[in-house]
Structures are given as C-alpha cells and as structure tokens.
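Chemist: Next up is a structure, given as structure tokens.
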Amino acid sequence: MLVKKDFLDKLKDFGINSYEAKIWTALLSRGVSTAGELSDIANVPRSRSYDVLESLEKKGFVVMKIGKPIKYIAIPPEEVLERVKKNVKEESERAVKQIDEIKNTEILNDLMNLHQNGVDMIDPTDLSGSIKGRDSLHDQLNMMIKEAEKSIVLVTSQEGLIRKAESLLKNLKKAHARGVTIRIAAPIEKETEDIKELKKIAEIKNIKLKARFCITDSSAVMFMLSDDAEVHPTYDIGVWVNTPLFASALQQLFETTWEKTEKIKA
C-alpha cells in the first residue's frame, strides 16, 4: 500500500511516529489484519511491527482481537481523534497541576533567590535583550507590566493600541488595582470596546508620536524598531533594556509632550 509521505507527516499531529502512522493507515485499509500482513503492506520491518502495534494499542488506535492468529482491529478515525483530544487535555492538565505544585515548594523560592542574587551582581546596563515576533513582544510587555510598582508609560500606534488593549488589558487592570499609574499615548482615530475598557484604568491622550515603546517605573524600557504598519508580525523586533539612566531620559522627553496634550475623556 502506497501512502504519500506528506499525508503520513500530517498524521504526526495525532501523536504518532512514522512507523505507527504506516501501520495504522495499513490497518485502516484492511479493517482487521495480523502483524505480519501489516508489516508487508506498510513496508515496516516485521521485527518492529509488534512493538508498533503494542504502542498503537496503548494509545487507543487499535484493539487486539481475541483468538489465534493474533489480529488487530482498527478504531474508526473519528473515535481516535476524540481519544487523542482527551489524552492531550489530560496531559495538559497534569502539566499545569505539576507547575502549580512547584509554586508551593521551596524549589521556586530557591530559584527566585538564585535569580535575584545573580541579578544584583550584574551591571544594570548588561540587562538587555532583543525580542523578535509580536507575540513575544507582548509576552515581554506583560512581564514588565506585572513587575511594575509605580508607573507604566505606553506609546504606540492606533492599530498597536487595539492589539495591546486585547493582549495587555488583564495585566494592566491588575497593575491599576495595586496602585500603578498608567498613561497611554497613541493616535486615536476609532474606539473599540477594549480601548473604552482601558480608559477606566489609564489616562489616554491622542498623541501622534511616530514611536512605539513602553517604560515601567522609569527604569525598564522596551522600544520597537519598526513601523508596525510596514512589518509582518513575525518580523517585528523590539529591544528591552533595564537601565534607569536611559529610561529616565526617555520618560522626561515623553513628559514634555504629554503635558501639552489634553486627556481623552472617558
């Protein structure tokens, strides 16, 4: 039985390897078959076919038929898909549970102390990094917002504000709840529901600065290098630096423009 390689590759999304994909598709074409027959049909070494079928049985793709010779029955693909979905969900829940359990152990405290002690020994100007991809940029912004204790400044584009309202709103609300001052500057041409939500927790001004950056606590800065209207999200690049000298200087420049502009009313 000849099955195209690209088709077999797609079956890896089911959580099976190439041998398992070959044996399973061969069994699907027969309905019921022996390991030897499937080995010949799928062009899988006979010495491996039993191990492969045992693995498929554990994963819920096949059932071993009672009797001799030993034969295997194919589970319908629709049912297999539901089983794979269930297994992925259960595995994900187990992983999340394990991570949550770590939070309540000394391991996390030890790791935090190790990181903090190491950071204290580093020159602040050495704490910098390049971040690629819009999703990664938003992840870094969310981290900065979570760590902010006093102030957050966001300068972005109209479309950028809409995106940030969607991806940062949850953590911005938490920052506002703990008393952090939030100021946002962007060219506001239209309002979305998320932007209206932002107005409840942040002071927003219609400022047409050709820039995209974030400052937290006048110490950490992330600024984007490209115009978001001209760059694909995958290639959007930002630079993150943790240096009060540069952050304070940039914030002072921001303050000059901010004070000259009226606040947008909620």
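The values are calculated or read from the model by the stated rules, or taken from the named source; none is laboratory data. What you are looking at is a predicted structure, and each value in this text was computed from that prediction instead of being measured. Cβ coordinates were reconstructed from backbone atoms using ideal geometry, including for glycine residues, and neighbour counts include every protein chain displayed.
Chemist: Could you tell me whether Ile204 is assigned to a strand (DSSP E or B) and in the same structural domain as Leu250 (by TED's automatic domain parsing)?
Modeler: yes
Chemist: Considering only segment 161-185, state which residues are in contact with a strand residue (DSSP E or B) (Cβ under 7 Å, 6 or more places away or on another chain) and modelled with pLDDT of 90 or more.
Modeler: From segment 161-185, those in contact with a strand residue (DSSP E or B) (Cβ under 7 Å, 6 or more places away or on another chain) are 161, 164, 172, 175-176, 180-185; that's our starting set.
Hits for segment 161-185 are Leu172, Ala175, His176, Val180, Thr181, Ile182, Arg183, Ile184, Ala185.
Chemist: Taking Lys190, is it in contact (Cβ under 8 Å) with a residue 60 or more places away in the chain and over 26 Å from Val239 (Cβ atoms)? Give the derivation first.
Modeler: Values: in contact (Cβ under 8 Å) with a residue 60 or more places away in the chain: no; over 26 Å from Val239 (Cβ atoms): yes.
Here the answer is no, as Lys190 does not meet what is asked.
Chemist: Filter segment 106-127 down to the residues that are in a loop (DSSP other than H, G, I, E, B) and either surrounded by 10 or more Cβ atoms within 10 Å (Cβ to Cβ) or under 25 Å from the mean Cα position of the chain (by Cα) (or both), then identify the one that is modelled with the highest pLDDT. Give the steps one after another, and end with the answer.
Modeler: Step one: list which residues in segment 106-127 are in a loop (DSSP other than H, G, I, E, B), which gives 121-123, 127.
Those left that are additionally either surrounded by 10 or more Cβ atoms within 10 Å (Cβ to Cβ) or under 25 Å from the mean Cα position of the chain (by Cα) (or both): 122, 127.
Values: Ile122: 50, Leu127: 53.
Filtering segment 106-127 for residues that are in a loop (DSSP other than H, G, I, E, B) and either surrounded by 10 or more Cβ atoms within 10 Å (Cβ to Cβ) or under 25 Å from the mean Cα position of the chain (by Cα) (or both), the one modelled with the highest pLDDT comes out as Leu127.
Chemist: Please determine whether any residue of segment 13-21 is exposed (fewer than 13 other Cβ atoms within 10 Å of the Cβ), in contact (Cβ under 8 Å) with a residue 40 or more places away in the chain and in a helix (DSSP H, G or I).
Modeler: no
Chemist: Is there any pair with a first residue in segment 207-230 that is farther than 18 Å from Ile131 by Cα and a second that is at pLDDT below 90 and part of a loop (DSSP other than H, G, I, E, B) whose Cβ atoms are under 6 Å apart and which are 6 or more apart or on different chains, and what are they?
Modeler: Ile207/Thr261; Lys208/Pro187
Chemist: Tally the residues that are closer than 16 Å to Ile16 by Cβ and not hydrophobic (A, V, I, L, M, F, W, C), restricting the search to segment 30-49.
Modeler: Residues in segment 30-49 being closer than 16 Å to Ile16 by Cβ and not hydrophobic (A, V, I, L, M, F, W, C): 2 in total.
Quick grid of which residues meet (1) among the acidic types (Asp, Glu); (2) surrounded by fewer than 10 Cβ atoms within 10 Å (Cβ to Cβ):
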{"position": "Arg46", "(1), (2)": "no, no"}
{"position": "Val52", "(1), (2)": "no, no"}
{"position": "Ser55", "(1), (2)": "no, no"}
{"position": "Met64", "(1), (2)": "no, no"}
{"position": "Gly67", "(1), (2)": "no, yes"}
{"position": "Ile75", "(1), (2)": "no, no"}
{"position": "Glu78", "(1), (2)": "yes, yes"}
{"position": "Lys89", "(1), (2)": "no, no"}
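Chemist: Within segment 212-263, can you find the residues that are in a loop (DSSP other than H, G, I, E, B) and surrounded by 16 or more Cβ atoms within 10 Å (Cβ to Cβ)? Explain how you work it out, then say what you get.
Modeler: Taking segment 212-263 and keeping what is in a loop (DSSP other than H, G, I, E, B), we get 212, 217-219, 225-232, 236, 243, 260-262.
Within segment 212-263, Arg212, Asp217, Ser218, Ser219, Asp228, Asp236, Thr243 meet the criteria.
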